Amino acid sequence: MSMARPIATTRSATGISTGKLAVWWLIASEIVIFGGVLGSYVMHRLGHPEWADQAANTNTWAGAFNTLVLLTSSLAAVLAHNAAEMKDGKKAAKFLWLTILGALVFLVVKSWEWSTEIHHGFTITSHTFWSFYYTAAGIHGLHVIIGAIIMAVIAVDAAKGKDLQRVEAVGLYWHFVDIVWIFLFPLLYIAK
Amino acid sequence: MSDATTAPDSGHGDSGHHEDHSKHYIKIWGILLVLLVASIIGPELGHPTVTLITAFGIAFVKAYLVIKHFMHLTVEKRYIGFLMLTMLAFMLVFVAGVAPDVMKHEGQRWTNDAAKAAVEKGLKAHPPHHAGEPADQKAHEQH
């Protein structure tokens, strides 16, 4: 074993590589963050039936399209993991770039959606519903951006056949981001 | 470092033997897309129970499929699942503790006048519309 590589990269004292375990811990903390925001939102929606009038202005089709995009990017992420398992770094990198493309499409749609809503006067301060909307979707969007950047770094290494175990780790994170959106979609776009 | 603490990351707990699971993942993706379509069409019918099942029930099914088939949590070390459940339990404790104050606007010895007034004002200005009816822009204009 090369001493130049960090021990955490391949160490597996708990039965799981330390890097992957760290991602699971990250996801655990994210559950509390997103759970807190979504839980608060659900309680407010149930206590304030008048918010339905505001919620009626979100674009269901944009939300549905972005759900399709994220589900497809999750498929690309798991196919990257599948390729990494078979030690095919180039194929894994290719699927990671496809996942990043999904992230970019998602962000473009979101930017268009937000621009339109802000243009119509639905800003983060116009109503508590919109405060929740921009906060929840904003935090989620930030995770999409961070995930895309990390995946780009890993894809460059994966193409060289280096540190392929990271492909699965970043995939776990990406699937979690997908799951958060799976719940955001009905809460923000369907419940009207 | 000993071999006991250094292991290649199999991802499935089946180190050494790796098969191509591409077709399986694509099949799961297909099911997820069908569920997505159902979650959009269901609420259009305008029936509250159907909306609840198709929009929110299906979200849980979709999340389960992603967790099981894409994240492989069911074949991961068991303590990872317990870790996730612990975090969900924290979330539920938070909701259970706060819900009475947020969802109710009055109790035996207290009343939240501001929240009650906001609900009454909102419902008076914009009575609940029927499902499927296009939203107007009056809410914004009022602000």
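The values are calculated or read from the model by the stated rules, or taken from the named source; none is laboratory data. What you see is a predicted model, and the numbers here were worked out from it, not measured in a lab. FYI the Cβ positions are ideal-geometry reconstructions off the backbone, even for glycines, and counts take in every protein chain you see.
I'm trying to understand the selection: among the residues of the stretch A:69-91, which are hydrophobic (A, V, I, L, M, F, W, C) and at the interface with chain B (Cβ under 7 Å from one of its Cβ atoms)? Result: A:Leu71, A:Leu75, A:Val78, A:Leu79, A:Met86.
Please find, among A:Ala52, A:Ala62, the residue that is aliphatic (A, V, I, L, M), part of a helix (DSSP H, G or I) and more than 21 Å from the chain's Cα centre (by Cα).
Values: A:Ala62 fails: more than 21 Å from the chain's Cα centre (by Cα).
Within the list A:Ala52, A:Ala62, the selection yields A:Ala52.
Out of B:Val66, B:Val75, one residue alone is touching an Asp or Glu at 6+ places or on another chain (Cβ under 9 Å) and either over 25 Å from A:Gly39 (Cα atoms) or surrounded by fewer than 16 Cβ atoms within 10 Å (Cβ to Cβ) (or both). It is B:Val75. Among the residues of the stretch B:97-110, those that are more than 26 Å from A:Phe185 (Cβ to Cβ) and either surrounded by fewer than 18 Cβ atoms within 10 Å (Cβ to Cβ) or without any contact (Cβ under 8 Å) to a residue 12 or more places away in the chain (or both) comprise B:Gly97, B:Pro100, B:Asp101, B:Lys104, B:Glu106, B:Gly107, B:Gln108, B:Arg109, B:Trp110.
Filtering B:Gly57, B:Gly81, B:Gly107, B:Gly42 for residues that are more than 30 Å from A:Ser73 (Cβ to Cβ) and either at pLDDT below 95 or more than 7 Å from chain A (Cβ to nearest Cβ) (or both) leaves a single hit, B:Gly107.
In the stretch B:25-36, the residues that are modelled with pLDDT of 95 or more reach residues that are among the basic types (Lys, Arg) with C-beta atoms within less than 6 angstrom, at least six apart or across chains, in these pairs: B:Leu32/B:Lys62; B:Leu35/B:Lys62.
Results for (1) assigned by TED's automatic domain parsing to the domain that holds B:Ile26; (2) touching a Leu at 6+ places or on another chain (Cβ under 7 Å); (3) part of a helix (DSSP H, G or I), shown as yes or no for each residue.
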residue	(1), (2), (3)
B:Thr54	yes, no, yes
B:Ile58	yes, yes, yes
B:Lys62	yes, yes, yes
B:Lys68	yes, no, yes
B:Phe90	no, no, yes
B:Val93	no, no, yes
B:Val98	no, no, yes
B:Asp101	no, no, yes
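For the stretch A:53-68, does any single residue satisfy the condition of being more than 7 Å from chain B (Cβ to nearest Cβ), among the aliphatic types (A, V, I, L, M), in contact with a Leu (Cβ under 8 Å, 6 or more places away or on another chain) and crowded, with 20+ Cβ neighbours inside 10 Å? Within the stretch A:53-68, one or more residues are more than 7 Å from chain B (Cβ to nearest Cβ), among the aliphatic types (A, V, I, L, M), in contact with a Leu (Cβ under 8 Å, 6 or more places away or on another chain) and crowded, with 20+ Cβ neighbours inside 10 Å. Within the stretch B:78-96, the presence of a residue that is more than 19 Å from A:Ile33 (Cβ to Cβ), without any contact (Cβ under 8 Å) to a residue 12 or more places away in the chain and crowded, with 17+ Cβ neighbours inside 10 Å is excluded.
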